[in-house]
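The values are calculated or read from the model by the stated rules, or taken from the named source; none is laboratory data. Everything numeric here is computed off the predicted structure, so don't read it as measured data. Reconstructed Cβ throughout: ideal geometry from the backbone, glycine too, with neighbour counts over all protein chains shown. Remember, those area values only see protein heavy atoms, side chains included, never the ligands or the DNA or RNA. Shrake-Rupley method; radii C 1.70, N 1.55, O 1.52, S 1.80 Å.
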Amino acid sequence: MPADIHIDDLPGWRTAAMLNGLETAFWRLDTDAALRSNAVLVWMLDRTPPWARLLDCFDQVTRALPRLRARVLDTPWNWGWAAWQEDPAFDIHHHLQRVRLPSPGGRRELLDLAERVSACPLDPARPPWQIVLVEELAEDRAALVIKIHHCITDGGGLREAMTAMLPDSRDSRKGPPGPSVIPLPGARPPRTNAWAARTRAMLHGQRSLSHHSMSSLGDAASVLVRLGQRPAGVPESLHAVVREMRRIEIPSPSPVLAGRSSQRRFESVEMPLGRFKAAGRSVGASVTSTYVAVLLATYADYHRHLGAGGETLSTAVPVDLRKNRGHGGNNVVGTAFLSLPLAAVNLGERIRAVHHLLREASTSGAVHLLPAIAEFLPLVPPVLLTAFVRRLAARIDAVPSSMPGVLRPAFVAGAEITSCLAFGPRGNSGCISSLMSHHGTCSLNVHLDPAAVSDLPAFADLLHRNTRDLLRLGTA
């Protein structure tokens, strides 16, 4: 592990005492299996790392990033903001395990295993993450399946950690940077005083509402500030924020993709990063626009494959607001709700159209409304919160997210990471997709609901076909 890590290099991993509103909501939604917020990364390795060295490696990581040694302490009656509490019985062996991949040890068997890992709930009494070393892949390779709860970090935070913690050579054995570079804000009471700790967490959450609200923009954010200064105005302020929320138009979903279940299906396509970027540049579009257009083309072809109608795809596009606001925390994300056309056009035209729509959406004030509203979510009874999120997500056909990775060689316990796959939590939407880059490759990954996409082989084939078309566009 690198020995010169500084807190300024990892702004997303500065451990706060409290979870923010969105993180608290992520945690409480776990009571519904369809809404669990577990993200899964799959690191493809060129060899199997020694087990003892792998354990030592991640033990060092948890010492450098102590949030990975903290568990979530919720409030009485699940009302108010949850807190982080250092796990006094933390043991790295509780979080790492190893398995052998069933024959023939190919990509499909690995993705099936990752689906099963994703489906299992995390132990709420421990820090919410897990790593599985998968051995006996084809060609003597291996993989790490990493499951981490969304309340710990988001895609940007994962990239920060990977860039800082992963060495760039096979033989690197540097130790952790001395004591924790990002210490927890203080020891929490033992389990016997859990009630007092929870009460303090709840009260602290109320007092810090005004501070949290400063992370967002627009009228809704100023409402939150006024709420912190004038508690008597809670009903009026909530009404004002709800009024602002009504300005957001939720697109109509495709009837073809209306089915919902708690089942999952992972699919992934890898391609050379340089050729992928060249394809976008050839039509003057960004990497994100290019990737979303490929996904949209796949859905358009899937509708035609079924002989079904459908004019638009209902999407919720995450927008990272940290850079815009100079915010150092994780899970500071806006959302642009877009209705993307499924009309039959050539891929270049589709990419340009998507690029225009995404550029307009990212600069719209509407993307800042949900982060402001999110700070109220810990005040919503979990039963009502779950019902609301279920209804909202059911109207979303796809959630396309983008996650830049480590753009250099990276190693873990002596094994080189050859590529990285990412599968976000789908919620109750029909699909969440992600584009993740690593060194000279990128992967387009989809986490599908089989009830929404009933012909999974056809969808996977169309995804590969549109990816090939994209690479040809870049070559031309």
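Could you please report the charge total around I396, scoring K, R as +1 and D, E as -1 over all other residues with beta-carbon less than 12 angstrom from its beta-carbon? Every neighbour counted, the sum reads +3. Other residues whose C-beta falls under 11 angstrom from the C-beta of W27 contribute a net charge of 0, scoring Lys and Arg +1 and Asp and Glu -1. A protection proxy built from the mean count of other Cβ atoms within 10 Å ranks the segments 125-132, 49-56, 293-300, most packed first, as 293-300, 125-132, 49-56.
Residues D171, D397, ordered by accessible area of protein heavy atoms at a 1.4 angstrom probe radius and largest first, appear as D171, D397. Dividing the mean sequence gap of close Cα pairs (under 8 Å, 6+ apart) by how many residues the stretch 4-161 holds gives a relative contact order of 35 percent. Using a cut-off of under 13 Å, list every residue of the stretch 18-60 whose amide N is near the label point 7 Å from the Cα of R98 along the Cα-to-beta-carbon line. Residues passing the 13 Å test: 47-57.
In terms of packing, defined here as the mean over residues of other Cβ atoms within 10 angstrom, the peptides 22-34, 425-437 line up highest first as 425-437, 22-34. In order along the stretch 114-127, phi translates into HN-Hα couplings of 4, 4, 5, 4, 4, 6, 6, x, 7, 6, x, 7, 10, x Hz, rounded to whole numbers, per the Karplus curve 6.51 cos²θ - 1.76 cosθ + 1.60 with θ = phi - 60° and x for Gly and Pro. What the phi angles of the stretch 63-69 give under the Karplus curve with 6.51, -1.76 and 1.60, with θ = phi - 60°, is a coupling list of 6, 7, 10, x, 4, 6, 9 Hz, glycine and proline written as x. With only Cα atoms counted, the stretch 374-476 has Rg and Dmax values of 17.8, 55 Å.
Sorting the segments 335-343, 398-406 by their residues' average number of neighbouring beta-carbon atoms within 10 angstrom, most packed first, yields 398-406, 335-343. Taking 4 °C and 1.567 mPa s as conditions, the stretch 97-153 diffuses translationally at an estimated 107 µm²/s according to Stokes-Einstein applied to its Kirkwood radius (Cα pairs). Residues whose amide H lies under 5 Å from that of I417, counting only those 5 or more places away or on a different chain, are A410, F411, V412; hydrogens are built 1.01 Å from N in the peptide plane.
When the Cα convex hull of the stretch 247-304 is projected onto planes of every orientation, the mean area is 6.5 nm². The H on the amide N of A70, modeled in the peptide plane, is under 5 Å from the matching H of D87, each at least 5 residues off or on a different chain. Within the shell defined by Cβ-Cβ distances under 13 Å, the residues around A353 carry a net charge of +1, with Lys and Arg each +1 and Asp and Glu each -1.
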